[in-house]
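K.L.:
First the structure, then my questions, so here it is.
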Amino acid sequence: MDSSYKELLNLRQTFPRNTAVLNIYSDIGDGSHSDEDVPVNSAKSLKYLVAGRAKSYHEVEIHGKKAQHSSLHNNSQVNLILINFLWNK
């Protein structure tokens, strides 16, 4: 287990219970199972950190060339997911 993850694990019991969590992560499809910066399995580990604490937890995986980590803010699919999450549209 990575040392930074261990630190987050220690904070788990202080995570606010009224927080809705949206975890958007991506896989560019090159066999690395990552967005070039963050491995999918690392991104998915957030669920364990907030399990039983968060009000809700939603996980969405984005695929393809426009799923590269620094490109996600320009991805129209991500924008729609964010709009739906924030404004229930």
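K.L.:
Out of every Cα pair in region 10-59, what percent are spaced more than 17 Å from each other? Write out the running numbers ahead of the final one.
P.N.:
On the way: 499 of 1225 pairs.
Cα-Cα pairs of region 10-59 separated by over 17 Å account for 41 percent.
K.L.:
Any idea of the accessible area per residue across the chain, 1.4 Å probe, to the nearest Å²? Write down the numbers at each step before the final one.
P.N.:
Details: 6220 Å² over 89 residues.
Counting only protein heavy atoms, the per-residue value for the chain is 70 Å².
K.L.:
Roll a 1.4 angstrom probe over the protein heavy atoms and tell me the percent of accessible area of region 40-89 that is carbon or sulfur.
P.N.:
Carbon and sulfur: 55 percent of the exposed surface of region 40-89.
K.L.:
Ok, one more. I want the local charge near Asp37. Using Cβ-Cβ distances under 14 Å, sum +1 for each Lys or Arg and -1 for each Asp or Glu among the other residues.
P.N.:
So the environment of Asp37 carries a net charge of -4.
K.L.:
Once you place label points 7 Å from the Cα toward the Cβ at Val60 and Ile81, how far apart are they in nm?
P.N.:
Computed distance between label sites Val60 and Ile81 equals 0.6 nm.
K.L.:
Let me ask another. Given the Cα-Cα distance of Tyr5 and Lys47 and 0.36 nm per residue of separation, how much length would full extension add, in nm?
P.N.:
Values: separation 42, 0.36 × 42 = 15.12 nm, distance 1.24 nm.
Taking 0.36 nm per residue and subtracting the Cα distance, the gain is 13.9 nm.
K.L.:
Same structure again: Which value at 222 nm does the chain reach when only helices count, each DSSP H run of 4 or more adding -39,500 (n - 2.57), with the total divided by all residues and rounded to the nearest 500 deg cm²/dmol? Please list the in-between numbers first.
P.N.:
Working: 4 runs with 30 residues, N = 89.
The per-residue figure over the chain is -9000 deg cm²/dmol.
K.L.:
Oh, and also: Quick one: grab Rg to one decimal and Dmax as a whole number for the chain, Cα atoms only, in Å.
P.N.:
14.0, 39
The values are calculated or read from the model by the stated rules, or taken from the named source; none is laboratory data. Owing to the predicted nature of the structure, the values given are computational and were not obtained by experimental measurement. All Cβ positions, glycine included, derive from the backbone under ideal geometry; neighbour counts span all protein chains shown. For the accessible areas, the whole protein counts, side chains as well, though only heavy atoms, and no ligand, DNA or RNA atoms are used. Shrake-Rupley method; radii C 1.70, N 1.55, O 1.52, S 1.80 Å.
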